Amino acid sequence: MKKIKAVYIHIPFCNSICSYCDFCKVVYNNDWIKPYFKRLEEEIDNAYMGEEIETLYIGGGTPTCLTIEELEMLFNITNKFKKSSNIEFTIECNINDLEEEKLKLFLKNGVNRLSIGIESFNKDKLKFMNRTCDFKDSKKRIDLARKMGFKNINLDLMYAIPGETLKVLQKDLKLLLKLKPEHISAYSLIIEKNTLVGLNKIKPIEEDRDAKMYEGLCKTLKKAGYIHYEISNFAKKGFESKHNLTYWNNLEYYGFGCGASGFVEAVRYENTKSLTEYLKGNFISSKALMSKVDNMENELILGLRKLEGVSLIEFFNKYEENMQNIFPLKPLIKSGDLIYKNDHIYINPKKLYVMNEILIKLI
């Protein structure tokens, strides 16, 4: 049996709801916290098989909107996991929640990576996103985290907001780089139907401007010494997200909590997004057994998100199949959409922006 080395835990509570957010979330209500943790613990007790965990990721929602007492309850649950000595333990944070007492608690419980939703420092962008963020205050809070011993910090950036110019994005990047994060996740706005932005029928920016922004962003971060290792992710050498690489390498992982998803013993499952159902103990809303073909397709779809792509040798070792016999790689190599080099197939860096169109031709 394959050992599962990664755990994702979803905390669906937020102090306020961002206009673009499509994740499973509800506005924080103290009455729901204890019953939620009771169910979360039950779900973990039923499913976790006692493996040594190498990555643990607490996401949301906004885990840091919880009080100190509630965070202690959460860590009592995460302490059930047998953790490897070099675990990467991430918690997602809202910059405004980062205070000394919470940071101390994180360190005490083994958290060694902070993923902070900055998104932007631009007033118009922040207003559009229904967020608040101030550069001076952010710097002060990140400096405090550094002083306390955090050496691995990711900052999230969002771009391609209606009305945004290249100049606005470059200013955001300049300020973000002043905070010296080890990792940057940069996402272009996707307008989802069931978000405030979607309900208000906001139109996305033109595709060519979006592409220019992506190009400019990649160039700026590369120049600043970041390795562009996944379509939306950039890291200083050695600080690539081990947890997210679990997904992109098509490896199995546990997903716990309302709205989480997981991949265990060849089954991909989605947990309910309904807090009411979750609190009743109805955790899983759908599951599907992955066939060998499904797994090979996922290996390619997820693996091509990485700039190094997919290794033909590793693919063969995993599935005992030659990738070139399964997928129409040759015509796409010939057209320049894909590149084959040093045993790896990867998307031509100049065509990353049209990655989805390439994947459609492949699968």
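Of the residues in region 336-344, not one is under 22 Å from the mean Cα position of the chain (by Cα) and not hydroxyl-bearing (Ser, Thr, Tyr). Of all the numbered requirements in (1) at pLDDT below 95; (2) outside any strand (DSSP E or B); (3) under 20 Å from the mean Cα position of the chain (by Cα), Leu217 misses one, and that requirement is (1).
Rundown of residues vs (1) among the charged types (D, E, K, R); (2) part of a loop (DSSP other than H, G, I, E, B); (3) surrounded by 15 or more Cβ atoms within 10 Å (Cβ to Cβ); (4) in contact with a Phe, Trp or Tyr (Cβ under 9 Å, 6 or more places away or on another chain), yes/no style:
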residue: Tyr254; (1), (2), (3), (4): no, no, yes, yes
residue: Gly259; (1), (2), (3), (4): no, yes, yes, yes
residue: Arg268; (1), (2), (3), (4): yes, no, yes, no
residue: Tyr278; (1), (2), (3), (4): no, no, yes, yes
residue: Gly281; (1), (2), (3), (4): no, yes, no, no
residue: Ala288; (1), (2), (3), (4): no, no, no, yes
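The helices (runs of 4 or more DSSP H) located wholly in region 56-170 that include 3 or more residues which are out of contact with any Phe, Trp or Tyr (no Cβ under 6 Å at 6 or more places or on another chain), among the β-branched types (Val, Ile, Thr) and modelled with pLDDT of 95 or more occupy 68-78. Pick from region 268-285 the residues that are in contact (Cβ under 8 Å) with a residue 60 or more places away in the chain and within 21 Å of the chain's Cα centre (by Cα): which of them is nearest to Thr246 (Cα to Cα)? Top of the filtered list is Asn271. The single residue among Lys292, Lys306 that is buried (at least 19 other Cβ atoms within 10 Å of the Cβ), among the basic types (Lys, Arg) and farther than 30 Å from Tyr36 by Cβ turns out to be Lys306.
Of all residues in region 119-168, those that are surrounded by fewer than 19 Cβ atoms within 10 Å (Cβ to Cβ) and touching a residue at least 60 places away in the same chain (Cβ under 8 Å) total 1. The set of residues from region 317-350 being charged (D, E, K, R) and buried (at least 16 other Cβ atoms within 10 Å of the Cβ) comprises just one member, Asp337. The number of residues in region 233-252 being under 20 Å from Ile91 (Cβ atoms), crowded, with 21+ Cβ neighbours inside 10 Å and touching a helix residue (DSSP H, G or I) at 6+ places or on another chain (Cβ under 9 Å) comes to 1.
The values are calculated or read from the model by the stated rules, or taken from the named source; none is laboratory data. Source: prediction; values computed, not measured. Reconstructed Cβ throughout: ideal geometry from the backbone, glycine too, with neighbour counts over all protein chains shown.
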